[in-house]
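The values are calculated or read from the model by the stated rules, or taken from the named source; none is laboratory data. Keep in mind it's a predicted model, so treat the numbers as computed, not measured. Cβ sites come from the backbone with ideal geometry, for glycine too, and all protein chains shown count toward neighbours. When the accessible area is computed, the model is the full protein with side chains, heavy atoms only, and any ligands, DNA or RNA have been set aside. Shrake-Rupley method; radii C 1.70, N 1.55, O 1.52, S 1.80 Å.
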Amino acid sequence: MSKSRTVEDYGRRLMRVVNTIWQDPTVSYSIEQLAGIAHFSPFHFHRIYREMMGETVNATQLRMRLLHASRLLAQTNEIPLIRIAQRAGYQSSAAFVRSFAAAHGMPPGAYRRQRLSHIHSQINQELGMYNVEFRKLDAPIHLAASRHHGSYLNIGEAFARLQLSKTALPVDPMQVRWFAQYHDDPQSVAVSDLRSDACVEIKADGDLPSDLARAQIPAGRYGVIEHRGPYSELQQAYHWLFGVWLPQSGEQPANIPVIEQYLNLPHNTPPKDLRTEIWVALAT
C-alpha cells in the first residue's frame with residue numbers, strides 16, 4: 001500500500017474513534033475498546049492517535065466533556081452542579097471542579113454566575129466592547145474544507161478529519177493557518193440544517209483527498225474582531241458584531257459566509273486562553 005493510501009486508511013480508522021467520542025463524550029472507554037473501534041493493536045493505538053491527532057485520546061475526551069459542561073452552565077441555573085458533573089461523565093463533583101477550574105480559570109459555580117449575569121447585562125450593547133480592525137485581502141486565501149452539518153459547537157469532528165488528512169495536504173509547513181466558514185445563522189436555522197466548513201490554508205495547487213473540498217476566502221475588505229475565551233462564548237461576540245457594531249458602522253456586509261480564524265488551538269490551550277478572530281466581509 002502506498003504511503004498516501006496508508007495515511008488515508010489510518011485517518012479513516014481514527015475518525016471512527018473521534019465520531020464515537022463526539023456522539024457521547026460522557027462515556028468512558030478503555031484503550032482496548034477504542035483500539036478495537038479503529039482496528040489497531042491496543043499496544044500501539046495510543047501512540048498512533050497522539051501522533052496523528054496532536055493530543056492523547058484522554059485529552060480529547062476531557063475537552064469534549066468540559067465543552068459539554070460549559071454549555072449547560074452558560075444556559076441554565078436550574079440544573080445542580082452535581083448533575084452537570086455527572087452528565088459530563090465525572091463520577092465526583094470534586095474531580096469535575098478541579099478539571100473545570102484548570103481549563104476555565106474559575107470553578108464551575110463562578111463560571112455559571114458570570115455567564116448568566118453577563119447574558120443579561122448591558123455590556124453586550126456597549127459599542128466599545130471589541131476593537132474592529134479593517135483588513136484588506138489583495139488575493140484570496142486557498143483552503144481545504146471538511147464539510148460539517150449540525151451544531152456549530154460540534155465542528156470539532158470536521159477539524160479532526162482535517163487534522164488526520166493534514167500530512168497529505170499541500171500546506172505550508174512553516175505557517176499552518178486554521179479557519180472555519182459558517183453559512184447559516186444558528187438563531188434562525190434548525191440545528192440539523194446548519195452548514196459549516198472546517199478549513200486549513202493550502203497552496204493554490206495540489207491534490208486533495210476525496211473527502212475534502214476546495215474553498216477560499218475571497219479577496220476584499222473585512223471587519224475583524226478578536227474574542228478571547230471558550231468557543232461556547234463566541235455567541236456574545238456575534239451579538240455585538242452584528243447587533244451593535246455593524247448597524248452603526250455605515251458598512252454593508254458582502255455576500256460571503258462568516259469566517260473564524262483560530263489563532264491558537266484547543267488541544268494545547270486552555271479554553272479561557274483561546275483566541276478566535278471573527279471576520280465579516282464588507283461590501284466595496
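Just to be sure I understand the filter: pairs with C-beta atoms under 7 Å, separated by 6 or more residues or on different chains, first member in segment 248-266 and under 14 Å from Val200 (Cβ atoms), second member part of a loop (DSSP other than H, G, I, E, B). Which pairs pass?
Gln261/Arg177
Please go through segment 4-23 and give me each residue that is out of contact with any helix residue (DSSP H, G or I) (no Cβ under 9 Å at 6 or more places or on another chain) and closer than 23 Å to Leu62 by Cα, ordered by number.
Answer for segment 4-23, where residues must be out of contact with any helix residue (DSSP H, G or I) (no Cβ under 9 Å at 6 or more places or on another chain) and closer than 23 Å to Leu62 by Cα: just Gln23.
Just checking, how many residues over segment 39-54 are buried (at least 17 other Cβ atoms within 10 Å of the Cβ) and not in a helix (DSSP H, G or I)?
Of the residues in segment 39-54, 1 are buried (at least 17 other Cβ atoms within 10 Å of the Cβ) and not in a helix (DSSP H, G or I).
Listed residues Arg147, Arg135; which is open to solvent by 60 Å² or more (accessible area, probe 1.4 Å), touching a residue at least 40 places away in the same chain (Cβ under 8 Å) and not in a loop (DSSP other than H, G, I, E, B)?
Only one candidate qualifies: Arg147.
In segment 204-224, is there at least one residue being at pLDDT 95 or above, touching a Pro at 6+ places or on another chain (Cβ under 8 Å), more than 30 Å from Thr56 (Cβ to Cβ) and not in a strand (DSSP E or B)?
Looking through segment 204-224, at least one residue is at pLDDT 95 or above, touching a Pro at 6+ places or on another chain (Cβ under 8 Å), more than 30 Å from Thr56 (Cβ to Cβ) and not in a strand (DSSP E or B).
crowded, with 19+ Cβ neighbours inside 10 Å, modelled with pLDDT under 95 and under 14 Å from the mean Cα position of the chain (by Cα), is that true of Tyr182? Give the derivation first.
Working: crowded, with 19+ Cβ neighbours inside 10 Å: yes; modelled with pLDDT under 95: no; under 14 Å from the mean Cα position of the chain (by Cα): yes.
So Tyr182 does not fit the description; no.
For the list (1) open to solvent by 60 Å² or more (accessible area, probe 1.4 Å); (2) basic (Lys, Arg); (3) without any contact (Cβ under 8 Å) to a residue 40 or more places away in the chain, I need the number of the one condition that Arg63 fails.
If we test Arg63 against (1) open to solvent by 60 Å² or more (accessible area, probe 1.4 Å); (2) basic (Lys, Arg); (3) without any contact (Cβ under 8 Å) to a residue 40 or more places away in the chain, just (3) comes out false.
Does segment 229-263 hold any residues that are touching an Asp or Glu at 6+ places or on another chain (Cβ under 7 Å) and open to solvent by 30 Å² or more (accessible area, probe 1.4 Å), and which are they?
Once the filter is applied, which keeps residues that are touching an Asp or Glu at 6+ places or on another chain (Cβ under 7 Å) and open to solvent by 30 Å² or more (accessible area, probe 1.4 Å), segment 229-263 yields only Leu263.
From the set of residues in segment 211-228 that are open to solvent by less than 30 Å² (accessible area, probe 1.4 Å) and touching a helix residue (DSSP H, G or I) at 6+ places or on another chain (Cβ under 9 Å), which is nearest to Gln252 (Cα to Cα)?
Applying the filter and picking the extreme gives Gly223.
Here are some residues: Gly11, Gly89, Gly36. Which one is at pLDDT below 85 and either outside any helix (DSSP H, G or I) or among the small types (Gly, Ala, Ser) (or both)?
Gly89
When both residues are 6+ apart or on different chains and their Cβ atoms are under 8 Å apart, which pairs have a first residue that lies in segment 36-54 and is aliphatic (A, V, I, L, M), and a second that is open to solvent by 90 Å² or more (accessible area, probe 1.4 Å)?
Ile37/Arg16; Ala38/Arg16
For Ala74, only one of the following conditions fails: (1) in a helix (DSSP H, G or I); (2) at pLDDT below 85; (3) among the hydrophobic types (A, V, I, L, M, F, W, C); (4) surrounded by fewer than 18 Cβ atoms within 10 Å (Cβ to Cβ). What is its number?
Result: Ala74 passes all but (4).
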